[in-house]
Amino acid sequence: MKKLIDFDKEGFKKEVITNVKTLYRRPIEEATPQQVFQAVSYAVKDDIIDRWIATHKEYEKKNVKTVYYLSMEFLMGRALGNNLINLTYYDAVKEALDELGFDLNLIEDQEPDAALGNGGLGRLAACFLDSLATLGYPAYGCGIRYRYGMFKQAIKDGYQIELPDDWLKDGNPFEIKRPEYAVEVKFGGYVRVENRDGRNYFIQDGYQTVRAVPYDVPVVGYGNNVVNTLRIWDAEADQEFCLDSFDKGEYEKAVEQQNLAKTIVEVLYPNDNHYAGKELRLRQQYFFISASVQRAILKFKEKNSDIHKLPEKITFQMNDTHPTVAVAELMRILMDEEGLEWDDAWDITTRTCAYTNHTIMAEALEKWPIELFSRLLPRIYQIVEEINRRFVLKIQSMYPGNQDKVKNMAILYDGQVKMAHLAIAGSYSVNGVAALHTKILEERELKDFYEMRPEQFNNKTNGITQRRFLLHGNPLLASWITDKIGDEWIVKLSNLKKLKVYATDEKYQQEFMNIKYQNKIRLANYIKEHNGVDVDPRSIFDVQVKRLHEYKRQLLNILHVMYQYNELKTNPSYDMYPTTYIFGAKASAGYKRAKLIIKLINSVADVINNDASIKGKIKVVFIENYRVSNAELIFAAADVSEQISTASREASGTGNMKFMLNGAVTLGTMDGANVEIVEEVGEENAVIFGLRAEEVMKYEREGGYNPKDIYNNDAAVRTVLTQLINGMYSSDDPDRFRDLYDSLINEDVYFILKDFASYVEAHRKIDTLYRDEKNWAKMVMLNTACSGKFSSDRTIEEYAKEIWNLKKVKVTLD
Ligand code: CGF
C-alpha cells in the first residue's frame, strides 16, 4: 500500500502505552481490548489533527468555495480501520500492535458502528465524504449527533427485536466538541412585526430555545493530507435563558427547555424510504438545518464582506427532502438578519441551494400539516407562504387557467407543506441518483417541474468508496489487484478495467476464485459464531442484504427458496447446486409486514436447515444486526448478488455496486443502477429477469394485474402460497403468515407472483452458469474489472464540476 510519509512505529507504540496509562492508570499488559482501542484511536487522532489544521488553514487562505452536504443521516460505520487505511498506515499499525501483543482486527471490533443512518441514503452520504476528502474538495458534512443511532437488531424466536444503540457509551475518541461554535435555534412562539424607519422587521417572540453545539469528526482523505469535517450537532438547554427563567420563577419553562434539548437529538428515526410525520422529526430537521446554515453564514462572513457573493462560496446540497427547510432558513437569515429585500434574498438562495431526490416512493415524500409546521416554525412558515404565493403566480403566468398544474406543483396544498416542492422551487439543481431514476422523475414523478425548468434537472448516478469496501473489507483481493495492476485503483477505480485481460487466464482465475473461497470461509466462520449454523463454503453464496422493504422483495426470494425445497422433496431427480441463501436486513420498528417477512425467513430456515433428507443442498441464514462492519465481510464473500426490487422502485441501490466490486454476479431486475451495472459488464455477465420498469408502470396506470390468474394457473406458485397458511412453517399458529398470503393473492402491489416464474428461471440459469467453473470465474472477474464507474469518486467529480463548481485544494505539512 502507498506510504504517505514515514510512519514512526516506535513512537506510535510509545504513544499507545502512554495513552493507556494516562487514560486508565494502567500498564498496557492489563488493558482491556476496549481500552487499547481508545488508546490507539487517540494516537491516530494525534496524527490526524495536524492534517486537519493544515487543511483548514489552506481552505481559509484560498477562501475556497465549500459544499455543505446537509443530511439527516451519515451511516459512517467504524472509523479506526478506515482512518488507518486513508492515512496509509494500516499495515504499519497492524505490525506495531502485533509487537505490543494485540491483533488489530480484534481491536477494530471494539469500536461500535457510528450508525447515524438507516441504509442507502446515509451510507451514500458517508461514501461522499470519503471521496470529497480524497479528491481534495472543501466540504462539510452537517448532521445530528444522535444519542442513539440505528437500533441493534436481535433475533428472538425468529422475530426481530430492537435494542438501543448506545454508541457513545465508551466515548467517541475521534470527535471534538466545539462549544465556541454553538448557536441558538428557536421553536414556537409568534411573530411580531415592527416598523422601523419605514421597514418591517419580523421578530419571533415567546419561543423556546435550544443551544446547538457542534461536535467535529475528522474525515480523512486517502494519502493526501486532506482532512475534512463531519459536523454533527448536539442540543443543550440554553443555560442563560434557563437561569433567567428560574429567577423569574418560570420553573416549568426552564424544565421544558431542558427536556426539549434532551429529546431533540435523542434518537434516529429508524425509517428508510418512509416518512412518519412526527413532530419531533420536524424539530430535528429544523434544529440541525438552522444551526448548520447559521454557522455557515457566520464563517462566510469572516472572509467575505458582500453577502451577495454567497453562491460563489457556498452550496447547500440537500440530501433528500429532510433538510429542505434550509431554503426558508436561508431566506430568513438573509432578510431578517442581513437586511436584504425579498428579491435579492431569493436570488441568492436559489443560487446556493441544490436538491437530490432519492426516491419515487409516495410514502417517503414528506408533507407536513400546515397546522404543525406553522406552530413549530412560525417565521419559517410565513416565508414558505410567500415562496408559495410567488411560485403559484409563476405557474399561473406560464400556464394560464391550468388548475392541475397548480394542484400538482404548489408548495402549500390541501393543508400541507410539500417539502419536495419547496426544495425544487428553491434550488438551482435537482438530481436523481441513477439514469433510470432521473428519467422517471423527469417523465413521470416530477414531470411538471421538469417541463417548467428542464435545465434544472440532471442525473448523478450513485457510487461507493473502494477504500472501505475493497481495500479495507477485502484485503486479499485488494492486494491481488495491486499485485496485478499497481495501487492507483485506490484513487482511480477505472483502472480496474486493466484486469480484464486476466479474466480468461486459468491461472489467474484460480487465484481469484481462491480468494473468493477464503472470504467465504471467513464469512462461514462468522455465521457459525453468530448464528450457530454450519454453512459449506463450497456452496453458492447467494446473498440479499439491505433494508427490509416490500419493494425490495425479500419475500420473492424466500418464496423461491420454499419452491426449491418443494422440488427437492418431491422430485428425486431434481438437481441443484448446493446453495446457501444469506439474508441480512433491519425492518423499521413499526413496519409490521416487513417484520413478518423476517419471521418467515427464519421459520423457513428452521425447517430447511434441520431437514437432513435434503443433504444440505439448501441452507438459509439470516444474519442478525446487519450493519456497515459486517457488510464488509459479506460483500467480499458473495457469489450472487440479489438485486430484485420491483422495476422502477429502487432509485439506485448501492449494495449492488459493492457486490459487483467484490466479484459477485448480479441476479436482478432492470431497476435503479442495475441497469448501468449491466451496461458496464454486459448482459451475459449478469442474470436479469422480470418485468421492465415501463411494463410495471403501464400495469400501474391500468390499475394493476390480477394475481389470482397466476395462482390458478401455476401449480408451483399455488403450493408455495398454500404453505404460507397450512402451518408448514408455522405449526404452532397456521395463520401467522396469512397477511403475506392475502397481500399476494389480493393485490400483489410489488408484482411478486408476476415475476415469480422468471425468477425461478433466473436461478436455474445461475445454477448452470456456476457449474461451468471457468466461465463463472471469468464472469465474476469481469464484474470486478468493470465496476470502475461505480466509485463515489466518479460521482463526486460529477457533482463538483456540474453542480457545485468546486476547486481542488492541495495540502502539505510543514
Ligand atoms: O437512497 C434510498 C435508500 N433507501 O436510502 N432512498 N431513500 N430515501 C433509495 O431507495 C436507494 O435506491 C438509493 O440507492 C439510496 C441512495 O441514493
- [ ] Describe numerically, in nm with one decimal, the distance between label points set 7 Å from Cα along Cα→Cβ at T32 and at E386.
- [x] 5.6
Task: FRET efficiency, 1/(1 + (r/R0)^6) with R0 51 Å, evaluated for K615 and K447 via beta carbons - done: 0.40
Task: Nonlocal amide H pairs with Y148, under 5 Å, H built at 1.01 Å - done: V267, L268
Open item on the list: What FRET efficiency comes out for D344 versus E700 if R0 is 45 angstrom and r is the Cβ-Cβ distance? Round to the nearest 0.05.
Closed with: 0.55
TODO: Rounded to whole Hz and in sequence order, give me ³J(HN,Hα) for region 206-222 from the Karplus expression 6.51 cos²θ - 1.76 cosθ + 1.60, θ = phi - 60°, writing x for Gly and Pro.
DONE: x, 8, 9, 10, 10, 8, 8, 10, x, 10, 9, 10, x, 10, 8, x, 7
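Using C-alpha positions alone, give me the convex hull volume of region 515-622 per residue in cubic angstrom.
On the way: hull volume 11.0 nm³, N = 108.
In region 515-622, the Cα hull volume divided by residue count equals 101 Å³.
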Task: Inter-probe distance in nm under a simple model that places probes 7 Å from Cα toward Cβ, at E567 and N304 - done: 6.1
- [ ] Place +1 on the Cβ of every Lys and Arg and -1 on the Cβ of every Asp and Glu in the chain, take the dipole about the Cα centre, and give the residue among V675, P323, L376 whose Cα lies farthest towards its positive end.
- [x] V675
Task: In sequence order, calculated HN-Hα J values of region 769-779 (Karplus, 6.51, -1.76, 1.60; Hz; x Gly/Pro) - done: 4, 5, 5, 8, 4, 5, 5, 4, 4, 4, 4
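Show me the ranking of peptides 416-424, 713-721, 263-271, 382-390 by mean Cβ neighbours inside 10 Å, starting with the highest.
Details: 416-424: 24.6, 713-721: 16.1, 263-271: 19.9, 382-390: 18.2.
Packing proxy ranking, top to bottom: 416-424, 263-271, 382-390, 713-721.
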Task: Charge dipole (debye, nearest 20) of region 696-814; +1 at Cβ of Lys and Arg, -1 at Cβ of Asp and Glu - done: 740
Open item on the list: Would you report the distance distribution of C-alpha pairs in region 674-796 as whole percents per 5 angstrom bin, up to the bin with the largest distance?
Closed with: 2, 9, 14, 15, 14, 13, 12, 12, 8, 2, 0
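In terms of the ratio Rg/(2.2 N^0.38 Å) built on C-alpha atoms, what value belongs to region 49-170?
Values: Rg = 17.5 Å, N = 122, 2.2 N^0.38 = 13.7 Å.
Scaled against compact globular proteins, the figure is 1.28.
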Open item on the list: Can you tell me which lysines have their Cα less than 21 Å from the Cα of K498? Leave out same-chain residues fewer than eight positions away.
Closed with: K2, K484, K507, K516, K658, K774, K778, K789
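Given +1 on the Cβ of Lys and Arg, -1 on the Cβ of Asp and Glu, and no further charges, what dipole in debye does the chain carry about its Cα centre, rounded to the nearest 20? Mind showing how you got there, number by number?
Details: 106 positive and 120 negative charges, 156 e Å.
Magnitude of the dipole: close to 760 debye.
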Open item on the list: Testing the spin-label approximation: label points 7 Å from Cα along Cα→Cβ at K765 and S479. State their distance in nm.
Closed with: 3.8
- [ ] Of the options Y222, A182, A594, report the single residue whose Cα projects farthest towards the positive end of the charge dipole of the chain (beta-carbon charges: Lys, Arg +1; Asp, Glu -1).
- [x] Y222
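With viscosity set to 1.306 mPa s and temperature to 10 °C, compute the Stokes-Einstein D of region 1-63, Rh being the Kirkwood radius across alpha carbon pairs; µm²/s, no decimals.
On the way: Rh = 13.3 Å.
So the translational diffusion coefficient is about 119 µm²/s.
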Task: Equivalent ellipsoid semi-axes, the chain, via Cα gyration tensor eigenvalues times 5, rooted, Å - done: 43, 34, 26
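What order, most packed first, do the peptides 322-334, 44-56, 527-539 have when packing is the mean number of other Cβ atoms within 10 Å of each residue? Intermediate values should be presented prior to the final figure.
On the way: 322-334: 26.6, 44-56: 18.0, 527-539: 14.8.
The densest-packed peptide leads the list: 322-334, 44-56, 527-539.
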Open item on the list: How much length would be gained if the chain were fully extended between D91 and V191, taking 0.36 nm per residue of separation minus their Cα-Cα distance, in nm to one decimal?
Closed with: 30.1 nm
Task: Amide H contacts under 5 Å for D238, placed H, 5+ residues apart - done: R211
Task: Size of electric dipole in region 88-196: Cβ of Lys, Arg +1 and of Asp, Glu -1, about Cα centre, debye, nearest 20 - done: 1040
TODO: Report the residues of region 634-674 in range of a label on N408: point 7 Å along Cα→C-beta, backbone N strictly under 16 Å from it.
DONE: none
Task: Residue-wise HN-Hα coupling along region 366-373, computed from phi with Karplus coefficients 6.51, -1.76, 1.60 (Hz; x: Gly, Pro) - done: 6, 9, 9, x, 4, 4, 6, 4
- [ ] Using amide H atoms built 1.01 Å from N in the peptide plane, name the residues 5+ places from T66, or on other chains, whose amide H lies under 5 Å from its own.
- [x] I314, T315
TODO: Under 25 Å Cα to Cα from K313, which lysines show up? Leave out anything in the same chain fewer than 8 places away.
DONE: K57, K61, K62, K65, K299, K301, K303, K460, K801, K807, K808, K810
Open item on the list: Per-residue counts of other Cβ atoms within 10 Å, averaged by peptide: what ranking do you get for 202-214, 362-374, highest first?
Closed with: 202-214, 362-374
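Every number here is computed from the coordinates shown, using simple stated rules; none is lab data. Here the structure is a predicted model, which is why all the values come from computation and not from measurement. So basically every Cβ, Gly included, is an ideal-geometry build from the backbone, and we count neighbours across all protein chains shown.
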